[in-house]
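Novice: This is the structure I want to talk about, given as structure tokens.
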2 protein chains.
Amino acid sequence: MREAFHEQLDAIFLDLAAICAQVESQVRLATQALMTGDAAVAEQVISTDIEIDQARERVEDNAFELLSLQQPVARDLRTIVAGLRIVSELERMGDLSVHVAKIARLRVPDVAVPAEVQPTMQRMAEVAEAMVVRVHKVLNERDVDAALSLREADEEMDQLRRRNFSELLGDDWPHGVEAAVDLALLGRYYERIADHAVSVANRVVFVVTGENPAAADV
Amino acid sequence: MREAFHEQLDAIFLDLAAICAQVESQVRLATQALMTGDAAVAEQVISTDIEIDQARERVEDNAFELLSLQQPVARDLRTIVAGLRIVSELERMGDLSVHVAKIARLRVPDVAVPAEVQPTMQRMAEVAEAMVVRVHKVLNERDVDAALSLREADEEMDQLRRRNFSELLGDDWPHGVEAAVDLALLGRYYERIADHAVSVANRVVFVVTGENPAAADV
């Protein structure tokens with residue numbers, strides 16, 4: 001009975017890792033659509049989002065069933081409650097990829113990100129994607145060190161966000177209001193993906209160690 | 001024993017309603033700071049946020065204790081899990097009020113919102129605040145009709161968001177990039193407060209009726 005329970009608990013974390021892999025793909029494709037102005041890829045991101053929503057529902061149903069039938073306590077209970085929160089955050093990261101894809105689609109056949117600010121936006125996208133990759137590892141291996149290392153990546157993201165603002169608010173910004181608004185929102189979306197990544201990782205650390213990392217409430 | 005349990009369950013919803021009242025105040029004060037450029041009020045919003053974070057922790061601890069000690073099933077279990085999600089969303093609405101207050105503070109002694117677009121932003125703020133007020137009622141009275149009526153308000157918010165964009169992206173926008181970026185982000189923050197309000201209300205409907213309203217996954 002208990003063994004079956006722990007198999008079900010592990011299954012939830014495998015499902016979370018699988019959803020995280022989907023999110024990773026969505027972030028990567030959304031960035032590709034954004035940087036190349038590829039409408040088909042943008043559409044793909046937008047239409048794939050429902051798969052993540054459905055996967056989230058399955059995890060929620062499984063977690064609820066475990067809570068109902070197995071009446072877990074202590075660490076097992078903490079793990080399931082963490083799983084419920086993690087799946088919400090992963091879904092939200094998927095939604096944010098869709099927001100990126102929608103800005104890409106809105107500007108087709110143009111590219112929403114002007115050439116000279118592409119390095120900053122490209123780096124934001126890379127950092128966000130790398131953070132999702134690391135979260136996947138954290139979920140798969142419950143790797144506390146990998147989880148804690150996400151904080152450095154998040155600091156780079158904060159710096160990039162400031163650079164993003166200073167670029168578009170400079171006196172010599174030549175691309176007008178629309179491009180600036182796009183970039184500010186895109187910066188916000190990547191920053192939020194990073195925030196959620198840190199939060200998911202912190203929740204895993206809490207499950208494994210029983211202690212909340214300092215930045216758990218991001 | 002069961003009666004004591006239901007008192008504790010009700011206590012969680014009273015706590016949620018109390019947090020919602022704090023969020024309501026934060027949204028109102030953040031808007032006041034924004035529309036008047038009042039640095040002291042902005043600071044107050046920013047420094048008060050920690051109280052909402054702490055209240056969230058208390059609700060989480062109580063919910064966790066109830067799950068652990070009482071081993072609820074079926075509707076009781078659903079209610080506690082919903083409570084955990086609702087408190088995360090309320091905390092997030094508080095964070096979004098802080099984001100509004102920070103933009104207000106950044107532009108002091110100026111006002112971030114230029115006079116001719118104040119009607120749209122003021123209305124966004126009013127709709128958001130009214131939605132939070134209604135969520136408070138929904139939490140206090142588990143009022144399903146009030147919950148469902150939030151969807152209309154959310155539609156108005158979507159329209160306002162489109163107007164917000166068309167104002168700042170018009171060819172005759174005279175206020176430059178910085179003001180446009182502020183307005184786009186402010187519009188996003190109020191829109192997200194509204195999204196969370198709808199989501200909280202839908203969760204209450206789910207607890208009361210056992211059915212997910214169509215828009216539950218906002």
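Novice: Within segment B:104-127, count every residue that is of a type in the set (A, V, I, L, M) and within 23 Å of residue B:159 (Cα to Cα).
Specialist: So the answer is 8.
Novice: Take segment A:175-198 and flag every residue that is surrounded by 22 or more Cβ atoms within 10 Å (Cβ to Cβ), among the small types (Gly, Ala, Ser) and either at pLDDT below 95 or out of contact with any Phe, Trp or Tyr (no Cβ under 8 Å at 6 or more places or on another chain) (or both).
Specialist: The answer is A:194, A:197.
Novice: Do the conditions hold for residue B:135, that is, is it buried (at least 22 other Cβ atoms within 10 Å of the Cβ) and without any contact (Cβ under 8 Å) to a residue 12 or more places away in the chain?
Specialist: Here the answer is no, as residue B:135 does not meet what is asked.
Residue-wise test of (1) over 30 Å from residue B:80 (Cα atoms); (2) modelled with pLDDT under 95; (3) part of a helix (DSSP H, G or I).
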| position | (1), (2), (3) |
| --- | --- |
| A:21 | no, no, yes |
| A:27 | yes, no, yes |
| A:42 | yes, no, yes |
| A:50 | no, no, yes |
| A:56 | no, no, yes |
| A:78 | no, yes, yes |
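Novice: Considering only segment B:139-155, state which residues are part of a helix (DSSP H, G or I) and in contact (Cβ under 8 Å) with a residue 40 or more places away in the chain.
Specialist: B:139, B:140, B:144, B:146, B:147, B:148, B:150, B:151, B:153, B:154
Novice: Go through segment A:151-207 and give me each residue that's of a type in the set (Ser, Thr, Tyr) and within 21 Å of residue A:28 (Cα to Cα).
Specialist: Passing the criteria: A:189, A:190, A:199.
For every residue, the table says whether it meets (1) closer than 22 Å to residue A:202 by Cα; (2) surrounded by fewer than 17 Cβ atoms within 10 Å (Cβ to Cβ); (3) among the hydrophobic types (A, V, I, L, M, F, W, C).
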| position | (1), (2), (3) |
| --- | --- |
| A:41 | no, no, yes |
| A:61 | no, yes, no |
| A:84 | yes, no, yes |
| A:141 | yes, yes, no |
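Novice: Taking residue B:158 and the conditions (1) surrounded by fewer than 15 Cβ atoms within 10 Å (Cβ to Cβ); (2) closer than 30 Å to residue A:175 by Cα; (3) without any contact (Cβ under 8 Å) to a residue 12 or more places away in the chain, which numbered condition does it fall short on, given that it satisfies the others?
Specialist: So the condition that residue B:158 fails would be (3).
Novice: Follow-up question, since we're still on this one. Provide a single number: the residues in segment B:90-136 that are modelled with pLDDT of 95 or more, of a type in the set (D, E, K, R), farther than 22 Å from residue B:151 by Cβ and outside any loop (DSSP other than H, G, I, E, B).
Specialist: 5
Novice: So, one more: Would you mind finding the one in B:113, B:98 that is among the hydrophobic types (A, V, I, L, M, F, W, C), in contact with an Asp or Glu (Cβ under 8 Å, 6 or more places away or on another chain) and farther than 27 Å from residue B:53 by Cβ?
Specialist: B:113
Novice: Also: For segment A:174-196, which residues satisfy the criterion of being more than 13 Å from chain B (Cβ to nearest Cβ) and either out of contact with any Leu (no Cβ under 6 Å at 6 or more places or on another chain) or not in a helix (DSSP H, G or I) (or both)?
Specialist: Those that are more than 13 Å from chain B (Cβ to nearest Cβ) and either out of contact with any Leu (no Cβ under 6 Å at 6 or more places or on another chain) or not in a helix (DSSP H, G or I) (or both): A:190, A:194.
Novice: Here's something else I'd like to know. I'd like the full set of residues that are more than 13 Å from chain A (Cβ to nearest Cβ) and in contact (Cβ under 8 Å) with a residue 60 or more places away in the chain, limited to segment B:42-82.
Specialist: The answer is B:42, B:43.
Novice: Still on this structure: For residue A:171, which of the numbered conditions (1) within 11 Å of chain B (Cβ to nearest Cβ); (2) out of contact with any Asp or Glu (no Cβ under 9 Å at 6 or more places or on another chain); (3) in a helix (DSSP H, G or I) fails to hold?
Specialist: Answer for residue A:171: the failing condition is (3).
Novice: A further question on this structure: In segment A:102-121, how many are surrounded by fewer than 17 Cβ atoms within 10 Å (Cβ to Cβ) and closer than 19 Å to residue A:170 by Cα?
Specialist: Total satisfying the criteria: 4.
Novice: Can you tell me how many residues within segment A:83-109 are of a type in the set (S, T, N, Q) and within 11 Å of chain B (Cβ to nearest Cβ)?
Specialist: Number satisfying all stated conditions: 1.
Novice: Of a type outside the set (Ser, Thr, Tyr) and crowded, with 19+ Cβ neighbours inside 10 Å: is that true of residue A:74 in this structure?
Specialist: no
The values are calculated or read from the model by the stated rules, or taken from the named source; none is laboratory data. If you're wondering where the values come from, they're calculated on a predicted model, not measured in any experiment. All Cβ positions, even for glycine, are placed from backbone atoms using ideal geometry, and neighbour counts span all protein chains on display.
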